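Remarks on the structure that follows.
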Amino acid sequence: MRIQVCADAAVACAEAAAIVIGAVRAKPDAVLGLATGRSPIGVYARMRQAYAAGEVSFRRATAVNLDEYAGLKADDPSSFAAFMRRELYAGVDFREAGIHIPDGMAADLAAECARYDGVLNAVGTRDVQVLGIGANGHIGFNEPGEKLSAGTHVVRLTEETRAANAADFPSLGEVPTHAVTMGVGDILKARTIVLVAFGPAKAEAIRSALRGPVATGCPGSLLQLHPDVRVFLDPEAARQLE
Ligand code: F6R
């Protein structure tokens with residue numbers, strides 16, 4: 001695991017984006033695993049800039065997103081599908097067929113999980129997986145608990161996670177209670193994992209994920225088992241690391 005403490009979030013996002021962009025330049029049909037949330041917004045901004053400057057094309061690349069809320073339509077502005085369109089897909093040249101995100105509106109969510117695992121198998125090994133981390137240590141929407149799942153599954157979101165994401169909804173009551181997420185086993189299959197985390201609210205999660213025991217109580221700690229994780233932090237997120 002390589003940990004880089006950057007001057008600020010903007011620098012960290014530019015460094016993280018350079019890995020993604022470099023992977024696609026080296027291999028135009030690269031498979032990218034992508035996260036939503038506030039943390040990677042600067043990564044996606046830099047990817048849009050690089051595309052606009054003609055430095056990279058995503059035309060032959062594939063994107064697979066980590067997760068989606070259950071019960072939100074793709075065109076609901078609070079959905080992760082809408083977030084990805086706003087922050088990345090509308091500003092770069094992925095083919096529509098090269099973009100994958102779980103369908104939170106599927107009538108049969110168990111079948112949707114199986115379909116998404118099929119998509120993950122079909123697109124092949126992710127070259128780079130972009131990750132954020134929750135203040136409670138979740139990665140994707142794999143919440144802390146006694147067990148973790150390998151494959152795509154439906155999760156009940158913790159109240160902490162619902163509250164953390166409430167700003168994206170008209171009110172806390174409208175934050176979905178469930179989501180469909182890639183499993184930790186799926187996440188760990190990526191060749192390279194790029195984790196970004198910023199601000200004091202992430203300091204404890206970063207300490208337990210990077211320095212604590214590998215334990216299901218902190219899903220991010222499973223990243224310690226992966227051979228190529230690059231972590232980009234600002235000083236506040238890094239402040240509990242020695
Ligand atoms: C998003 C995701 C989550 C977020 C995490 C941090 O696809 O899977 O694990 O990365 O909740 O969210 P932010 O970046 O908003 O603090």
Legend entry - Among (1) more than 22 Å from V20 (Cβ to Cβ); (2) within 11 Å of the ligand (Cβ to nearest atom) - the single one L195 does not satisfy: (1)
Inset, instruction - Among what's in segment 112-138 and is touching a Ser or Thr at 6+ places or on another chain (Cβ under 6 Å), in a helix (DSSP H, G or I) and open to solvent by less than 20 Å² (accessible area, probe 1.4 Å), pick the residue that is nearest to the ligand (Cβ to nearest atom). - result: Y116
Inset, instruction - Pick out the one residue from L72, L109 that is aliphatic (A, V, I, L, M), open to solvent by less than 50 Å² (accessible area, probe 1.4 Å) and in contact with a helix residue (DSSP H, G or I) (Cβ under 9 Å, 6 or more places away or on another chain). - result: L72
Inset, instruction - Might you let me know whether segment 89-96 holds any residue that is more than 30 Å from A237 (Cα to Cα), under 17 Å from the mean Cα position of the chain (by Cα) and either more than 16 Å from the ligand (Cβ to nearest atom) or assigned to a loop (DSSP other than H, G, I, E, B) (or both)? - result: no
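Considering only residues that are of a type in the set (D, E) and either modelled with pLDDT under 95 or in a loop (DSSP other than H, G, I, E, B) (or both), look in segment 190-242 and name the one that is farthest from the chain's Cα centre (by Cα). Talk me through it step by step, then tell me what you get.
First pass over segment 190-242, keeping only residues of a type in the set (D, E): 204, 228, 234, 236, 242.
Now drop any that are not either modelled with pLDDT under 95 or in a loop (DSSP other than H, G, I, E, B) (or both), which leaves 228, 234, 236, 242.
Details: D228: 16, D234: 18, E236: 20, E242: 26 Å.
My answer is E242.
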Legend entry - For A164: the one exception among (1) more than 9 Å from the ligand (Cβ to nearest atom); (2) open to solvent by less than 60 Å² (accessible area, probe 1.4 Å): (1)
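The values are calculated or read from the model by the stated rules, or taken from the named source; none is laboratory data. Every value quoted in this text rests on a predicted model; they were computed, and no experiment measured them. No Cβ is skipped: glycine too gets one built from the backbone with ideal geometry, and neighbour counts run over all protein chains shown. Accessible surface is based on the protein model in full, side chains and every heavy atom, while ligands, DNA and RNA are left aside. Shrake-Rupley method; radii C 1.70, N 1.55, O 1.52, S 1.80 Å.
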